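Notes for the one structure printed next.
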Amino acid sequence: MTARSEMLLEWIAHFSAQRIAVVGDVILDEYLIGKATRISREAPVPVLEFESRREIPGGAANPAVNIAALGALALQVGVIGADREGSALREALEARGVNTQAVLITPEHETTVKTRVMAQMGLRFPQQVARMDRLPRGLLSIETETQIADMLAAQLPDASAVLFSDYQLGLNTPTIIRASENAALRVADTQGQFDKYTGFDALKCNADEAQAYLRRVLESDEDFEEAARELFDLFSLKCCMVITRGALGATLATAEETLLCPAPAISEVYDTVGAGDTAVAVMTLALASGASPEAAVMLANIASGLVVQRVGNYAPTASELTAAIRGEAGGKR
């Protein structure tokens, strides 16, 4: 085993001592799985014979599930509706070891749900054929916003870090973000509105989001390094800027350097859903444990490689991550 692998394994051992507050737009991911039997006479679409339904935490709830699966204490901060879906989401979080005491239930808010219709065909993994989203309408009330901000602030003395997972659905408001100012470590994973996280320790986005924000095409390693440096400086980040690039890995910028952290070779990719959530969860845990930004991104890349070999959101355990680093068969799916 290489010295680098030994170093990464040492940081995983520190994960269980961390307490991470995860703030953001929690979503119930619903999967309706059916067997494709024929083509409909009404339209050129497959007719599915219902087989099963799965309801799992998604959106900002997925990083919290990943943190809990890796042995740390995950505290979810968010809002759900007083509806069946909200109850299902809360139960699913608690079943996965996530603390939900800071999940606010309010009648004014309908729980966000993303329903994916999956077709089972032979021995292959189910294929997604349609998706229907139930999204929130309107802004948070001042009362709800204040309650969430107060709940977050109350968690800071015991938190190793605060992770903002921003799905652009309205939870991460300036008021709630300001409530985290006294956190030991602040990390954000955002799909836009980067400026909300000015002054944070670390910021992560993917390649498409970086291109959209900077309004230019990024192609070469040099393009991404320049972009990461620009974003690091623009938002006065204290630790690092990370741009994930799928199979190529991630470009990292710190005050001292800019570099590409390669991703591990993956023979088969079944689904990229949730890989970004896993990456930022592992990155946050590693940084909170004291790892360097480069080590944190290396661990995040390895964990994401485990996720893309599964269908749907998947949260790898510390033992699976350890096995993947050691190159054991248990680290490959």
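Restricting attention to the stretch 192-208 and to residues that are free of Cβ contacts under 8 Å to residues at least 40 places away in the same chain and in a loop (DSSP other than H, G, I, E, B), the residue that is surrounded by the most Cβ atoms within 10 Å (Cβ to Cβ) turns out to be Phe200. Does the stretch 87-99 include one or more residues that are of a type in the set (Gly, Ala, Ser), over 30 Å from His14 (Cα atoms) and at pLDDT below 95? So far as the stretch 87-99 goes, no, none of its residues is of a type in the set (Gly, Ala, Ser), over 30 Å from His14 (Cα atoms) and at pLDDT below 95. Pairs are defined by a Cβ separation below 8 Å, a sequence spacing of at least 6 or placement on different chains, a first member in the stretch 45-72 that is farther than 23 Å from Ala318 by Cα, and a second member that is in a helix (DSSP H, G or I); the pairs so defined are Glu55/Ala88; Glu55/Leu89; Glu55/Ala92. Answer yes or no: is there a residue in the stretch 228-240 that is within 24 Å of Val307 (Cα to Cα), in contact with a helix residue (DSSP H, G or I) (Cβ under 8 Å, 6 or more places away or on another chain) and either modelled with pLDDT under 95 or part of a strand (DSSP E or B) (or both). Checked the stretch 228-240: at least one residue is within 24 Å of Val307 (Cα to Cα), in contact with a helix residue (DSSP H, G or I) (Cβ under 8 Å, 6 or more places away or on another chain) and either modelled with pLDDT under 95 or part of a strand (DSSP E or B) (or both). Scanning the stretch 97-109 for residues that are crowded, with 18+ Cβ neighbours inside 10 Å and not in a strand (DSSP E or B) yields Val98, His109.
Candidates are the residues of the stretch 71-91 that are out of contact with any helix residue (DSSP H, G or I) (no Cβ under 8 Å at 6 or more places or on another chain) and of a type in the set (Gly, Ala, Ser); the one that is surrounded by the most Cβ atoms within 10 Å (Cβ to Cβ) is Gly86. In the set (1) within 20 Å of Ala275 (Cα to Cα); (2) touching a helix residue (DSSP H, G or I) at 6+ places or on another chain (Cβ under 6 Å), Thr111 fails one condition alone, (1). Among the residues of the stretch 73-96, those identified as in contact (Cβ under 8 Å) with a residue 60 or more places away in the chain and not in a helix (DSSP H, G or I) are Leu75, Val77, Gly78, Val79, Arg96. Summed over the stretch 12-70, the residues that are assigned to a strand (DSSP E or B), surrounded by fewer than 13 Cβ atoms within 10 Å (Cβ to Cβ) and among the small types (Gly, Ala, Ser) give a count of 1. Tally time: how many residues in the stretch 110-141 are closer than 24 Å to Ala179 by Cα, of a type in the set (A, V, I, L, M) and exposed (fewer than 14 other Cβ atoms within 10 Å of the Cβ)? Result for the stretch 110-141: 1. Would you check which residues across the stretch 100-145 are touching a Ser or Thr at 6+ places or on another chain (Cβ under 8 Å), acidic (Asp, Glu) and at pLDDT 90 or above and list them? Result: Asp133, Glu145. Meeting the requirement of 2 or more residues that are of a type in the set (Lys, Arg), the strands (runs of 3 or more DSSP E) wholly within the stretch 114-191 are 127-134. Apart from one condition, Gln211 fits all of (1) assigned to a helix (DSSP H, G or I); (2) within 16 Å of Ala288 (Cα to Cα); the exception is (2). Is there any pair with a first residue in the stretch 287-309 that is without any contact (Cβ under 8 Å) to a residue 12 or more places away in the chain and surrounded by fewer than 24 Cβ atoms within 10 Å (Cβ to Cβ) and a second that is of a type in the set (Phe, Trp, Tyr) and in a helix (DSSP H, G or I) whose Cβ atoms are under 9 Å apart and which are 6 or more apart or on different chains, and what are they? No pair meets every condition. For the stretch 214-227, the candidate set comprises residues that are among the hydrophobic types (A, V, I, L, M, F, W, C) and assigned to a helix (DSSP H, G or I); within that set, the residue that is farthest from Leu306 (Cα to Cα) is Leu214.
Count of the stretch 164-191 residues, restricted to those that are more than 22 Å from Leu135 (Cα to Cα) and surrounded by 15 or more Cβ atoms within 10 Å (Cβ to Cβ), is 6.
The values are calculated or read from the model by the stated rules, or taken from the named source; none is laboratory data. Since we're looking at a predicted model, the values are computed, not measured. Quick reminder, even Gly has a Cβ in these numbers, built from the backbone with ideal geometry, and neighbours come from all protein chains shown.
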